[in-house]
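S.K.: Structure below; questions to follow.
The values are calculated or read from the model by the stated rules, or taken from the named source; none is laboratory data. Source: prediction; values computed, not measured. All Cβ positions, glycine included, derive from the backbone under ideal geometry; neighbour counts span all protein chains shown.
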Amino acid sequence: MSNEEPISVTSPRSMYEPTARLPVNAVLGQLTNEDVVRLRRILSEPIEFLFHESFDRHGIEVDLFGAGGVVPWLNSNEAGRLADRSAGPSSTLSTDEERSLFLKLNYSRRVMTRILKRFAGKRLTARATSELLAWHAEAVQTRCSIVQANVPLVLAMAKRTRLSNMDYAELISEGNMALLRSVDKFDCGRGFKFSTYACRAILKSFSRVALRTGRYRSRFPTEFDPTLEKSDHLDQLRARQELDCLEDLREMLSDNVADLNEVETRVIQARFALNQVTESADGGPKTLEQVGLLIGVTKERVRQIQNRALEKLRAKLQDDYLAA
């Protein structure tokens with residue numbers, strides 16, 4: 001790829017909107033479903049890279065990627081090779097390692113842009129598709145290596161940031177997104193360390209979280225309380241139904257529609273407090289024993305009288321319901 005005509009660059013940052021089309025079905029059939037999805041994404045999203053003066057130097061690909069260069073995308077085994085190779089460094093990158101990774105990332109994206117420009121408005125060939133997928137995999141894995149090496153920055157900045165009443169998980173999430181954006185925007189040609197640039201971006205993202213949270217709490221100053229969300233509608237409905245039933249029962253006893261005798265009426269009135277003032281001390285329902293003392297019988301006899309009276313009332317209600 002290095003023997004091609006260089007792209008004229010008026011600014012270090014370049015962005016290209018792909019117009020190339022998918023290859024024919026015969027070529028797509030040789031790819032895995034995952035590769036087809038990646039290819040569609042490549043053709044539907046803009047590609048952005050930062051130009052470096054070394055990109056036009058003869059032998060730059062060997063310096064960046066070794067004598068073997070970037071192998072065209074042949075099969076899924078190649079994907080496994082790249083994934084294993086780019087598991088990502090666990091220690092802090094040196095200045096030279098960091099610079100090399102950023103040059104690899106932007107050079108890979110530059111080559112992708114060249115391929116897509118060469119096939120602008122046309123279908124990709126099998127070789128162009130293979131090369132495009134290979135360079136895309138190289139860019140993705142290099143980006144992952146940079147991110148993995150700098151993830152501790154987000155955790156360190158989150159611990160140092162003293163923002164009261166902030167959700168720590170939300171801070172980490174915003175910080176990670178800022179880190180990803182920083183990788184795409186960082187220009188290693190300026191001679192600065194990436195951590196200097198990324199830390200400022202991460203702190204700005206934390207400020208945005210604090211501002212957003214402040215606006216939210218100005219509108220919703222009260223913390224969420226599940227008890228405030230609980231409605232007493234069912235309780236109120238049940239209470240109204242009980243009052244309606246008691247009123248209907250009073251009317252039935254007043255008119256004696258169920259043909260209750262005097263003792264049965266007294267028992268029902270006493271048991272359900274139908275003839276008492278509820279605010280008075282003795283206005284509540286009475287127990288079987290209390291009713292027995294009123295009418296001079298045992299509480300077991302009161303139970304029998306109550307059950308017989310309720311059965312008469314129930315039968316009357318059923319007759320009225322069926323008649324309606």
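S.K.: For segment 8-121, which fully contained helices (runs of 4 or more DSSP H) count at least 3 residues that are modelled with pLDDT of 90 or more and more than 24 Å from residue 146 (Cβ to Cβ)?
M.R.: In segment 8-121, 25-28, 33-44 are the helices (runs of 4 or more DSSP H) which contain 3 or more residues that are modelled with pLDDT of 90 or more and more than 24 Å from residue 146 (Cβ to Cβ).
S.K.: Filter segment 291-319 down to the residues that are of a type outside the set (Gly, Ala, Ser) and over 14 Å from residue 263 (Cα atoms) and list them by number.
M.R.: Once the filter is applied, which keeps residues that are of a type outside the set (Gly, Ala, Ser) and over 14 Å from residue 263 (Cα atoms), segment 291-319 yields 300, 311, 313, 314, 316, 317, 318, 319.
S.K.: Considering only residues of segment 35-63 that are of a type in the set (Asp, Glu) and touching a residue at least 40 places away in the same chain (Cβ under 8 Å), which is farthest from residue 102 (Cα to Cα)?
M.R.: 35
S.K.: Any idea which of (1) modelled with pLDDT of 85 or more; (2) not in a helix (DSSP H, G or I) is the one residue 274 doesn't satisfy?
M.R.: Every listed condition holds for residue 274 apart from (1).
Listed here are the residues, each with its yes/no results for (1) farther than 21 Å from residue 242 by Cβ; (2) buried (at least 17 other Cβ atoms within 10 Å of the Cβ); (3) among the β-branched types (Val, Ile, Thr); (4) modelled with pLDDT of 80 or more.
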{"position": "257", "(1), (2), (3), (4)": "no, no, yes, yes"}
{"position": "262", "(1), (2), (3), (4)": "yes, no, no, yes"}
{"position": "284", "(1), (2), (3), (4)": "no, no, no, no"}
{"position": "290", "(1), (2), (3), (4)": "yes, no, no, yes"}
{"position": "296", "(1), (2), (3), (4)": "yes, no, no, yes"}
{"position": "320", "(1), (2), (3), (4)": "no, no, no, no"}
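S.K.: So which pairs qualify, if the first residue must be in segment 274-296 and closer than 15 Å to residue 306 by Cα and of a type in the set (A, V, I, L, M, F, W, C), the second must be at pLDDT 85 or above and assigned to a loop (DSSP other than H, G, I, E, B), the Cβ gap must be under 8 Å, and the two must be at least 6 apart or on different chains?
M.R.: Listed pairs, sorted by first residue: 294/286.
S.K.: Those residues that are farther than 16 Å from residue 122 by Cα and surrounded by fewer than 17 Cβ atoms within 10 Å (Cβ to Cβ), I need them from segment 10-25; list them, please.
M.R.: Within segment 10-25, 10, 11, 12, 13, 15 meet the criteria.
S.K.: Separate question: Please find, within segment 127-166, the residue that is surrounded by the most Cβ atoms within 10 Å (Cβ to Cβ) out of those that are part of a loop (DSSP other than H, G, I, E, B) and touching a helix residue (DSSP H, G or I) at 6+ places or on another chain (Cβ under 8 Å).
M.R.: 161
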